[in-house]
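Comments concern the structure below.
The values are calculated or read from the model by the stated rules, or taken from the named source; none is laboratory data. Please read all numbers here as calculations on a predicted model, not as lab measurements. Here Cβ is always computed from backbone atoms with ideal geometry, including for glycine, and neighbour counts include all displayed protein chains. Accessible surface is based on the protein model in full, side chains and every heavy atom, while ligands, DNA and RNA are left aside. Shrake-Rupley method; radii C 1.70, N 1.55, O 1.52, S 1.80 Å.
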Amino acid sequence: MSIDDVAPTATAWTTGRIISKELPTPATVRLRLHVDDRMRHRPGQHYLLRLRAPDDYTAQRSYSVASDDSDPLLELLVEKLPGGEVSEFLAEVAEVGDVLEMRGPIGRWFTWDVRTPALCLVGGTGVVPAIAMSRAARHAGAPDLLRVLAVGRSPEETPYDDELRRFGATVTYTRHATGTRPAGPPSAAELAPLLDGIELAFVCGSSRFAGLAEALLMECGLSPSMIRVEQFGATG
Amino acid sequence: MPVTRGFVRRRPDGPEGRLPPGQYDTGSGWPVLTAEATPRISPDTWKITVDGLVDHPTSWTWDEVHQLSRSTYTGDIHCVTTWSKFDVAFTGVSVDVLLEAATPRPEAAFVMAHSSTGYTTNLPLSDVTGGKAWVVWDHGGKPLAREHGGPVRLLVPHLYFWKSAKWISRLELMAHDQPGFWERNGYHDRGDPWLEQRYQGD
Ligand SMILES: Cc1cc2nc3c(=O)[nH]c(=O)nc-3n(C[C@H](O)[C@H](O)[C@H](O)COP(=O)(O)OP(=O)(O)OC[C@H]3O[C@@H](n4cnc5c(N)ncnc54)[C@H](O)[C@@H]3O)c2cc1C
C-alpha cells in the first residue's frame, strides 16, 4: 500500500501540543508537535495552524511539514516575519506544552510520491518541503531518487543547512562566498547536472524566488508541465 | 476549541461586515499563489473559447473580446489562504455576454474553467451567470500582470480566489459537476468564503 492510499482527502480540526521549540537560525523557529488523531501525510503537504484569542478572534496560516510521515512528531519550521501575526507569536510567545489548533495534512498537488525521480529547487524557508521529501527518500532507502538544490543567504541563515549537506544537496549562498563558489544565485551550469533523468521539479520559496527558479529550469530545457510551484505568500 | 495561551488580536477588523470568517485584510498587498510555472502569453495569440453543451461554440481573440461591451467589478476578493483584499477594480467582459453568444443548452448546469497551463476549476453555472463573474484584463486601470493571471483571467469574486482561474482560455459547459485542479487536490467543491468552504469536508 502506498502513502497515496492512506493520506486523507478530508481533514478536521484537531489539536497539537508543542513538544520542543528551537530557534535554529536567527529568523526561524522550529516546532515539534504531538498531534492528536494525526493522519498520515505525503512529503510536501502542509498543515493549518489556528490561533484563538480570548475574544474568539482567530488567525490561521498554512505551514509545510518538515518531518517524514514515519516521525512520531510533526515538525514545522516557521520564518519570523517582522510584524507577522502568527509567525511572531510562534517565535516569541509560544512555549513547550502549549496546545494549538491544527488541521491537516492538506494539499495533494505539491507532493512527492517517493517513487518518481525528482528535483527540489528551493530557497529560504521554501526548503521545508524539500526536507520532508529528503527525509522520506532516506526513510525509503532511495535517496538517489531526489536531488536538491537549495538557495540561502548564508550558511547561518539557511534553515537545515547541515541536514541539506548531509543529504548531498547542492547548497548555494547568495550573500556568502565559499572556497569553491562566489556569492550569488545558482546558475544553469550548477543546475543542469542535477536534472539528468528527473521527471518532476518542485519549486518552493518566495514569489520572486519562484520566478527565478522557473526561468532557470526552463533555460535548462525542462517543460513547464514538469514544474510544480509553491509560494510562501510574499506580495508581488 | 481552546483559547491559545498568550494570543491576542493584532489585526484590525476589516470594514464592517466585509471580512468573511477566518480572513484578514492584506491591505495594499496582493500575495501571489500559483501551482504551476507562470506562462508568458502574448495577447496576439491568446483567445478564449466557450464550448461544451452550447448551441454555438465560440472563440474570441484579444481584439474581438475587447469589442464586446465592457464592465467593471469594484469590490472585494478573498483567498483561501486567509487574506482578503478590499476595493479592487477589475475591468473586462461579463461572462453573461460570452454565454449569450454561445447559448448554453438547457442541460448545461456546470462550467469547467480551463487555463492555457492546464489548470482547471469547476463552478455551478449559477455562480458565473447573473452578473457574478467576469473575464478580465485590466486591474486598477492597468493591464493585468502576468503573475496575477495576465493577460486575461476569470474573476468570480463571491467565491474563494482559486475559482478565478488565471490565464483563462476556455469555459466548458457541462451537465454534471466534475472536480477541477484544486478540488481534486483537497479543496472544497464550491468555495463560498462566507460559509468557510475551504477544504473537502467543510
Ligand atoms: C501552502 C503554504 C505553505 C507554507 N509553508 C510555510 C512554512 O513552511 N514556513 C513558513 O515560515 N511559512 C510558510 N507559509 C507562509 C505562512 O502561511 C504565513 O504566510 C507566514 O508565516 C506569515 O504569516 P504571519 O501571520 O506571520 O504574517 P502576516 O501577519 O500575515 O503578515 C505580516 C507581514 O508580512 C508580509 N508577508 C507575509 N508573508 C510574507 C512572506 N512570505 N515574505 C515576506 N513578507 C510576507 C505581509 O504582507 C505582512 O505585511 C506557507 C504558506 C502556504 C500558502
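Remarks
- Residues that are open to solvent by 60 Å² or more (accessible area, probe 1.4 Å) and among the charged types (D, E, K, R) were ranked within the range A:165-190; the one that is farthest from A:VAL151 (Cα to Cα) is A:ARG166.
- Residue in the range B:169-176 that is within 14 Å of another protein chain (Cβ to nearest Cβ), touching a Leu at 6+ places or on another chain (Cβ under 9 Å) and either under 22 Å from B:TRP46 (Cβ atoms) or free of Cβ contacts under 8 Å to residues at least 12 places away in the same chain (or both) present: no
- Answer from A:LEU200, A:LEU121 - the residue that is of a type outside the set (Phe, Trp, Tyr), open to solvent by less than 20 Å² (accessible area, probe 1.4 Å) and touching a residue at least 24 places away in the same chain (Cβ under 8 Å): A:LEU121
- Among the residues of the range A:126-150, none is identified as surrounded by fewer than 24 Cβ atoms within 10 Å (Cβ to Cβ) and within 23 Å of A:LYS80 (Cβ to Cβ).
- Any pair with Cβ under 8 angstrom, 6 or more apart, that starts in the range A:66-93 at a residue that is assigned to a loop (DSSP other than H, G, I, E, B) and ends at one that is near the ligand (Cβ under 6 Å from one of its atoms) and β-branched (Val, Ile, Thr): A:ALA66/A:VAL128
- Condition check for A:TYR63 on (1) facing another protein chain (nearest Cβ under 9 Å); (2) of a type in the set (Phe, Trp, Tyr); (3) in a strand (DSSP E or B): one failure, at (1).
- Applying the condition of being hydroxyl-bearing (Ser, Thr, Tyr) and within 15 Å of the ligand (Cβ to nearest atom) to the range A:47-72 and asking which residue is farthest from the chain's Cα centre (by Cα) yields A:TYR57.
- Of the residues making up the range A:157-164, at least one is away from every other protein chain (no Cβ under 14 Å), open to solvent by 40 Å² or more (accessible area, probe 1.4 Å), part of a helix (DSSP H, G or I) and not hydrophobic (A, V, I, L, M, F, W, C).
- Residue under evaluation B:GLY75, criteria (1) in contact (Cβ under 8 Å) with a residue 24 or more places away in the chain; (2) in contact with a strand residue (DSSP E or B) (Cβ under 6 Å, 6 or more places away or on another chain), criterion not met: (2)
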